[in-house]
Each structure stands twice: as structure tokens, then as C-alpha cells.
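J.: Quick one: the structure is below, questions incoming.
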Amino acid sequence: MSKQRILLISCGHFEKDLLESLAHDICREFGYPVSYKECCLEMSGYYHPGRRQYNANDILQATAAVSEPDVVKAIGLHRVDLFIPILTYIFGQAFLGGDTAIASLFRLRNELYGLEPDQHLLTDRFRKVVLHELGHSFGLIHCMNPVCIMRSSTYVEDLDQKKSHFCSTCAEKLLQLRGQYDNDCMKPI
Ligand SMILES: [Zn+2]
Ligand SMILES: [Zn+2]
């Protein structure tokens, strides 16, 4: 089966405007049509009471289970605080070359850092995390270019320094990597 779309799985009751904006940017960067659906994962099983956070590895696996067979990649969108055992927190998670990814806007909110809420900045940061994690799922590794979307980000300030695009090197690599997904409708970006 030819896989011809990327799926956004909204697990945090995200507004339609945000989903459509993300879909637009994903389509621009990856060259695939994007669809989205609501999904209410039962999150309590992934909660770690000691850390008061949610286990990203478990949620990533659960996301794969609610994906659809004809999608090239799926990404779950969340509002909860994510962790993996070796890190205090993460913005998102993906397996390199895997089918699914996840992203959360919990740590992207200005309020968490004692600043005024900024919806525009929040959306911008979330967009960058989503594109970054999808990049990993297509097989892209971290990039040293300071403004490339595949630059590693530990803090929100790192995200704010990046653009919402791949650098020319990563864009070229992505084209090569996409070739393995056997998509007849694929057009060069
Ligand atoms: Zn990364
Ligand atoms: Zn790059």
C-alpha cells in the first residue's frame, strides 16, 4: 500500500485552527498531505506519581496503536508534562526512522517560566517541536546549524532561536530519506 499522508492525533483537545496551522506547515516541510483526528488516550496508566509527569516512551507506544495503516507517519499532540527516565523533561519524542512521534506544549508555555502568556509564541514553539520530532521519525538526526529545525533544543530559548524550516542540508537529506517510503504522489520540495 502506498502511504501518502501524515496524521496528527490530537490527544489534548486542540483547537481546529491550531491543527490546521500545523497541518499546513507539515505539508510545506515534508511534502505530504496532512489529516488529523481526535483521540482520547487513557493517560492515567502513563502517569508517574513520584515525578508527577507522564512517561513519553509509553505514550509513544500507545500512539502507534491508535495510528492508521495508510499513514506514512503519525504524531500525537499532548498538553501533559512528558519525561523519559534519563531526562527531567522533554518537549517531544520519536524513534529515529519510526512510524510515530509525540509532542507536548506543556513545557513551552511562558507561564511556566514566570512570564506573561503568549499564544503566538506558544504556537510557534509547538510547531517547531512537531516538525523536529517528525524529522526524527523520517530518519533525520540533530543538526549543528543554529537555526535549523533539527537543531537539538533543551530550553524554550533554544526553540525560539530556530526557524520553522529545515536547513538546505537537512532538506536534501529528507528528500533522500523519503524515497524509501515509496510514495508515487511525492513531489520534490
Ligand atoms: Zn531531537
Ligand atoms: Zn539542518
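J.: Which pairs turn up if I take residues in segment 55-72 that are surrounded by 15 or more Cβ atoms within 10 Å (Cβ to Cβ) and look for partners that are of a type in the set (Lys, Arg) and outside any helix (DSSP H, G or I) with beta carbon separation below 9 Å, at least 6 apart in sequence or on another chain?
T.: Within 9 Å, the pairs are Val66/Lys37; Ser67/Lys73; Val71/Lys3; Val71/Arg5; Val72/Lys3; Val72/Arg5.
J.: On to the next question. Which residues, taken from segment 148-167, are loosely packed, with under 14 Cβ neighbours inside 10 Å and outside any loop (DSSP other than H, G, I, E, B)?
T.: Matches in segment 148-167: Glu157, Asp160, Gln161.
J.: Please find, within segment 135-147, the residue that is farthest from Cys170 (Cα to Cα) out of those that are crowded, with 16+ Cβ neighbours inside 10 Å and within 11 Å of ligand 1 (Cβ to nearest atom).
T.: Ser137
J.: Of all residues in segment 110-122, which are farther than 15 Å from Gly92 by Cβ and crowded, with 16+ Cβ neighbours inside 10 Å?
T.: Leu121 - this is the single residue of segment 110-122 that is farther than 15 Å from Gly92 by Cβ and crowded, with 16+ Cβ neighbours inside 10 Å.
J.: Okay, moving on. Applying the selection to segment 73-94, what residues are farther than 22 Å from Glu15 by Cβ, crowded, with 18+ Cβ neighbours inside 10 Å and without any contact (Cβ under 8 Å) to a residue 40 or more places away in the chain?
T.: Phe83, Ile90
J.: In segment 34-59, what count of residues is obtained for those that are modelled with pLDDT of 95 or more and of a type in the set (A, V, I, L, M, F, W, C)?
T.: 3
J.: Here's another thing I want to ask about it. Sort out which residues of segment 111-126 are over 13 Å from the mean Cα position of the chain (by Cα), outside any loop (DSSP other than H, G, I, E, B) and without any contact (Cβ under 8 Å) to a residue 40 or more places away in the chain, and write them in order of number.
T.: Glu111, Leu112, Gln119, His120, Leu121, Leu122
J.: Here's a follow-up. Which members of segment 1-34 meet the condition of being among the β-branched types (Val, Ile, Thr) and assigned to a helix (DSSP H, G or I)?
T.: Listed by number, the list holds a single entry, Ile26.
J.: Taking Val130, is it away from ligand 1 (no atom under 11 Å from the Cβ) and farther than 17 Å from Arg28 by Cα?
T.: no
J.: Would you call Ala74 among the small types (Gly, Ala, Ser), modelled with pLDDT of 95 or more and under 21 Å from Ile141 (Cα atoms)?
T.: yes
The values are calculated or read from the model by the stated rules, or taken from the named source; none is laboratory data. Just so it is clear, the model here is predicted, and its values are computed rather than measured. Glycine also receives a Cβ, built like all others from the backbone with ideal geometry; neighbour counts cover every protein chain displayed.
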